[in-house]
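Bear in mind that the values in this text are calculations on the coordinates, not laboratory data. These figures come from a predicted structure and were not determined experimentally. In this analysis, Cβ positions are derived from the backbone assuming ideal geometry, glycine residues included, and neighbour counts consider all displayed protein chains.
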Amino acid sequence: MLPIRPRLTVIAAGVLLVSGCASMGPGPGDTAATTSSSSSPTPITPTATETPEDPDTPSSWGPTLGEIEEAQELVSTWTPDQLAGGVIVGRFHGTDPEEPARMVRELHLAGVSVTGDNVVDEAQVLAMTSALAQAAEDDGRDFPPVIGVDQEGGYVSHLRGIATDFPHFQSAGLAVQADPRLGRRVTRAAALTTGLELRGLGFTWVFAPVADVTIGAADPTIGARSASEDPAVASQAIGAAIKGYDDAGIVSTVKHFPGHGTATTDSHDTLPVVDSTLAEIEAHDLPPFESAIRHRAPAVMMSHLDLTSIAPDVPASMAPEVYALLRDDLGFEGVTITDSLGMGAVGGRPTPALQALEAGADLLLMPVDTEATHQIVVDAINAGDVSRERVEEAAARVVALQMWQARLAARRPVPVDIVERAQAASADLLSAAY
């Protein structure tokens with residue numbers, strides 16, 4: 001695993017903000033990075049005996065270096081239509097499996113997000129996810145599409161009555177607080193069985209876990225979706241959950257960077273203004289995300305927040321400074337995905353998807369009109385309004401991640417008794433928490 005890079009400075013609203021928060025130490029199983037006290041490290045000069053990097057070497061976020069290179073080569077051959085589709089996770093209406101399958105096939109979408117309004121029962125969900133997988137194959141792909149769902153546990157569970165009910169993620173924090181070792185174990189088991197059950201239903205992504213550190217009653221959006229009001233407790237729960245989802249062979253999505261727990265209004269309705277200083281964000285909000293990155297998080301979801309100390313008046317999901325904080329300061333190298341582009345926080349902006357893509361998003365989640373957004377991105381590529389290099393960079397990360405997910409899933413078959421295992425894991429988590 002690559003070490004977290006030293007913090008860089010972040011330029012926001014013309015003010016130079018220097019990070020003053022020390023990096024967290026390595027997580028379980030990580031190797032501590034060796035640092036030098038010298039301000040001018042000695043450069044490393046390649047020698048004639050230096051060998052090329054092994055393509056089987058894993059990246060810091062999952063895919064091997066070989067998978068990343070293969071993905072880059074593939075997307076370099078794609079048309080603007082294919083590239084535009086490759087950075088969109090669409091929304092659809094109704095419950096007919098053919099509708100999302102058509103969108104994936106005709107618009108070359110990376111995939112779709114499934115909500116409670118799109119599901120009827122287990123048979124219909126299986127028919128839908130099967131149709132989506134076939135649509136990607138019909139589109140010439142030998143890797144699975146993004147088939148994602150919000151299945152955090154608690155009230156944010158779009159497969160209620162179809163998949164096992166798990167408690168709010170707050171239970172993971174309570175379990176960790178009561179007994180750290182047991183808490184991490186039951187949290188990892190809950191994520192593992194959640195992921196395996198979702199895979200059994202045909203999903204490849206889960207939009208969880210929630211890394212936000214809540215402030216309690218004043219937080220109307222996250223609340224019990226957060227593991228804890230304590231960043232250290234939330235960090236332990238997040239690390240355990242990431243490992244569990246990885247064990248299950250499903251792509252997890254840490255959210256909502258750089259932390260929605262201090263927002264006192266709901267981004268589903270409006271753009272919340274967060275006046276925390278950068279130092280406060282680093283101390284309160286970033287530790288769980290740092291933990292996620294140490295535990296090889298494959299994807300991070302960007303929030304729709306107005307962070308006045310970093311990028312005032314611009315949603316974080318569309319602010320280059322926030323992507324720089326994640327990538328340059330925290331060292332994240334995986335896939336970045338916006339929160340839903342149909343939320344009130346970004347409503348009224350003329351081209352929110354294009355703004356997010358240009359800022360650094362790799363996936364555009366659930367635009368209001370998927371087909372119109374696809375055409376907007378195609379036109380922007382053709383006109384040079386967004387560089388082809390930027391879109392290829394984004395699409396290649398997504399393709400590499402899907403190759404990784406397929407490889408893990410092939411090695412980790414879903415047990416025939418997964419429902420029983422998931423029910424037991426849910427009960428164990430509740431027992432450890434209360």
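Cβ-Cβ distance of THR308 and LEU65, R₀ of 35 Å, FRET efficiency by 1/(1 + (r/R0)^6): the value works out to about 0.35. Between VAL419 and ALA383, residue separation times 0.36 nm minus the direct Cα-Cα distance comes to 7.9 nm. Here is how the number arises for the chain: DSSP H runs of 4 or more residues each give -39500 (n - 2.57), the sum is divided by the residue count, and the result at 222 nm is -12000 deg cm²/dmol. Calculated on C-alpha atoms, the gyration radius of the chain divided by its Kirkwood radius gives an Rg/Rh of 0.95. Here the 3J(HN,Hα) profile of the range 179-192, calculated from phi with Karplus coefficients 6.51, -1.76 and 1.60 at θ = phi - 60°, is 7, x, 5, 5, x, 5, 5, 6, 5, 5, 5, 5, 5, 4 Hz, Gly and Pro shown as x.
Here the label points at VAL120 and ARG411, each 7 Å from Cα along the C-beta direction, are separated by 3.8 nm in the simple model. The peptide list 258-264, 60-66, put in order of mean Cβ contacts within 10 Å with the highest first, becomes 258-264, 60-66. Phi angles of the range 396-405 translate, via the Karplus equation with coefficients 6.51, -1.76, 1.60 and θ = phi - 60°, into HN-Hα couplings of 5, 4, 5, 4, 4, 5, 5, 4, 4, 4 Hz per residue; Gly and Pro are given as x.
Please sort 78-85, 396-403 by packing, taking for each peptide the average over its residues of neighbouring beta carbons within 10 angstrom, highest first.
The packing order, highest mean first, is 396-403, 78-85.
The packing ranking, built from the mean of other Cβ atoms within 10 Å per residue, places the peptides 321-333, 377-389 in the order 321-333, 377-389, highest first.
Need one word for the range 179-267: rounded, prolate or oblate. Basis is the Cα gyration tensor (sqrt eigenvalues a ≥ b ≥ c); a/c below 1.5 gives rounded, then a/b vs b/c decides.
On the way: a/c = 2.63, a/b = 1.48, b/c = 1.78.
Cα axes put the range 179-267 in the oblate bin.
Would you please give the FRET efficiency between THR277 and ASP54, computed as 1/(1 + (r/R0)^6) with r the Cβ-Cβ distance and R0 = 60 Å, to the nearest 0.05? Don't jump to the answer; show the numbers that get you there.
Working: r = 43 Å, r/R0 = 0.72.
For R0 = 60 Å, the calculated efficiency reads 0.90.
Taking the chain as a Gaussian network of alpha-carbon nodes connected by springs under 10 Å, the highest mean-square fluctuation of the residues ALA123, ALA299, ALA283 belongs to ALA123. If you take the Cα centroid of the range 322-378 and the Cα centroid of the range 169-207, the two points sit 27 Å apart.
Cβ-to-Cβ counts within 10 Å put LEU278, LEU126, LEU305, LEU196 in ascending order as LEU126, LEU278, LEU196, LEU305, the fewest first.
Let's test the formula: R0 of 22 Å, r as the Cβ-Cβ distance of ALA178 and ALA427. What FRET efficiency results, to the nearest 0.05? Intermediate results must be reported in sequence, preceding the final value.
Values: r = 16 Å, r/R0 = 0.72.
The formula returns an efficiency of 0.90 here.
Springs between Cα atoms under 10 Å define the GNM used for the chain, and in it the highest mean-square fluctuation of ASP230, ASP275, ASP56 occurs at ASP56.
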